[in-house]
Amino acid sequence: MAELFYDDDADLSIIQSKKVAIVGYGSQGHAHALNLRDSGVDVVVGLREGSASRAKAEEQGLAVATVAEAVKAADVVMILAPDQVQRGLYAADIEPNLKDDAALLFAHGFNIRFGYIKPGTGHDVAMVAPKGPGHTVRREYEAGRGVPVIVAVEQDASGQAWDLALSYAKAIGGLRAAGIKTTFTEETETDLFGEQAVLCGGVSQLIQYGFETLTEAGYQPEVAYFEVLHELKLIVDLMWEGGISKQRWSVSDTAEYGDYVSGPRVIDAHVKENMKAVLADVQSGAFADRFIKDQDAGGPEFKELRAKGEQHAIEPVGRELRKLFAWSSAPDADYVDGQVG
Ligand code: NDP
Ligand code: MG
Ligand code: MG
């Protein structure tokens, strides 16, 4: 059984006695900075010159500085810029300005696990990774709840890295739900595998194939959209509440029987072999290398794949239909016209 931590296991005063720099003010950055501030922590947001995020952070009354200035003043530096820019940002603005005994925190183990960032031995290196999007992390905190976090320590220079990480986790509201103890390696490899094989890659491809199969057979795209995409949320909500069993309990016997006989036909044993190959590429660093090389070149492959995804026939159908939905007042207004803000 994994080791779990709750509010009683952490001492909030540890992080309250530190100056914390939050580098980046995007999805995770805004949530961490605001939750820490509201938990009585001294926060400064570090942003690059001319950053589009500056106005948003200042609007919330947060102190904003350049990354270099924020890091210079900080006892704890949480790096919440996108994974692919962290290596360059660390080398240029963080490492040269880091206090000798400053702690480095991450919300994903990517750069440490694959060696793109190699902190000096004097620094505590820890992870506090919310298992949810930043906007949910903020919303849950404001509602008096929290999103579960994963906590890990890669380097315990001070001997107090765990206490610090748990204190930080408590301050962002994570321990109101639970903290789960892990390692950088486990978090990074399972996170990448999960998003590639199941959550993002697997599910998106499954929906697209389902939509293509129905529309190519002559069914109306609007009806196909409802059957293979819209209803997915209702099914996933049931799984989230009570596992696959609750989903099967709730759907009709017809749907449940179809699940048993056709699920393994669609997702057959070969798919598991493919998943193992995906996991092997994650573990070997081959995926990380491909992603970072492409990003370093300006992301040509990434941009091409994104454009191709946006052109899939299901997208315009969904866009038109969602305008008609009474329930489509999406809680995160940041996503507009295919761009995540
Ligand atoms: P975002 O893409 O939302 O980060 C955007 C922020 O980073 C903006 O403030 C942006 O500033 C800044 N930024 C972008 N490029 C640079 C740069 N070159 N130099 C300095 N600042 C830059 O990141 P996420 O919040 O999605 O991810 C942050 C970390 O959290 C990652 O490690 C990720 O894996 C992890 N994570 C993310 C989750 C999520 O829900 N998104 C969930 C759990 C973990 P500007 O306005 O200047 O562009
Ligand atoms: Mg991830
Ligand atoms: Mg149905």
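The values are calculated or read from the model by the stated rules, or taken from the named source; none is laboratory data. What you see is a predicted model, and the numbers here were worked out from it, not measured in a lab. Glycine gets a Cβ as well: all are built from the backbone with ideal geometry, and neighbour counts include every protein chain shown.
Among the residues of region 189-199, are any away from ligand 2 (no atom under 13 Å from the Cβ) and either over 15 Å from the mean Cα position of the chain (by Cα) or assigned by TED's automatic domain parsing to the domain that holds M275 (or both)? No, region 189-199 has no match at all. Report yes if some residue within region 301-313 is away from ligand 1 (no atom under 16 Å from the Cβ), assigned to a helix (DSSP H, G or I) and among the aliphatic types (A, V, I, L, M); otherwise report no. Scanning region 301-313, I find at least one residue that is away from ligand 1 (no atom under 16 Å from the Cβ), assigned to a helix (DSSP H, G or I) and among the aliphatic types (A, V, I, L, M), so the answer is yes. Within the set F193, F184, the sole residue that is touching a Lys or Arg at 6+ places or on another chain (Cβ under 6 Å), within 16 Å of ligand 1 (Cβ to nearest atom) and within 30 Å of E154 (Cα to Cα) turns out to be F184. Looking at I94, is it in contact (Cβ under 8 Å) with a residue 12 or more places away in the chain, outside the structural domain of G285 (by TED's automatic domain parsing) and under 18 Å from the mean Cα position of the chain (by Cα)? For I94, the condition - in contact (Cβ under 8 Å) with a residue 12 or more places away in the chain, outside the structural domain of G285 (by TED's automatic domain parsing) and under 18 Å from the mean Cα position of the chain (by Cα) - is not met. Number of residues in region 241-266 that are of a type in the set (A, V, I, L, M, F, W, C), part of a helix (DSSP H, G or I) and within 27 Å of V317 (Cα to Cα) equals 2. What residue, among those in region 237-246 that are surrounded by 13 or more Cβ atoms within 10 Å (Cβ to Cβ) and of a type in the set (A, V, I, L, M, F, W, C), is farthest from the chain's Cα centre (by Cα)? Checked region 237-246; the qualifying residue farthest from the chain's Cα centre (by Cα) is L238. For region 48-59, residues that are within 13 Å of ligand 1 (Cβ to nearest atom) and out of contact with any strand residue (DSSP E or B) (no Cβ under 6 Å at 6 or more places or on another chain) total 7. Given the condition over 17 Å from L80 (Cβ atoms), modelled with pLDDT of 95 or more, assigned by TED's automatic domain parsing to the domain that holds A57 and of a type in the set (A, V, I, L, M), answer yes or no: does some residue in region 22-32 qualify? Among the residues of region 22-32, not one is over 17 Å from L80 (Cβ atoms), modelled with pLDDT of 95 or more, assigned by TED's automatic domain parsing to the domain that holds A57 and of a type in the set (A, V, I, L, M), which makes the answer no. Among the residues making up region 102-121, those that are out of contact with any Ser or Thr (no Cβ under 9 Å at 6 or more places or on another chain) and more than 14 Å from ligand 2 (Cβ to nearest atom) are A102, L104, L105, G115, Y116, I117, K118, P119, G120, T121. Do the conditions hold for E256, that is, is it within 13 Å of ligand 3 (Cβ to nearest atom), farther than 30 Å from G115 by Cβ, surrounded by 12 or more Cβ atoms within 10 Å (Cβ to Cβ) and assigned by TED's automatic domain parsing to the domain that holds E315? Yes.
With the condition kept exactly as written, say whether any residue in region 207-217 is modelled with pLDDT of 95 or more, of a type outside the set (D, E, K, R), away from ligand 1 (no atom under 16 Å from the Cβ) and not in a helix (DSSP H, G or I). The answer is yes; a qualifying residue exists. Of all the numbered requirements in (1) out of contact with any Gly (no Cβ under 6 Å at 6 or more places or on another chain); (2) closer than 30 Å to E140 by Cβ; (3) surrounded by 12 or more Cβ atoms within 10 Å (Cβ to Cβ), A326 misses one, and that requirement is (3).
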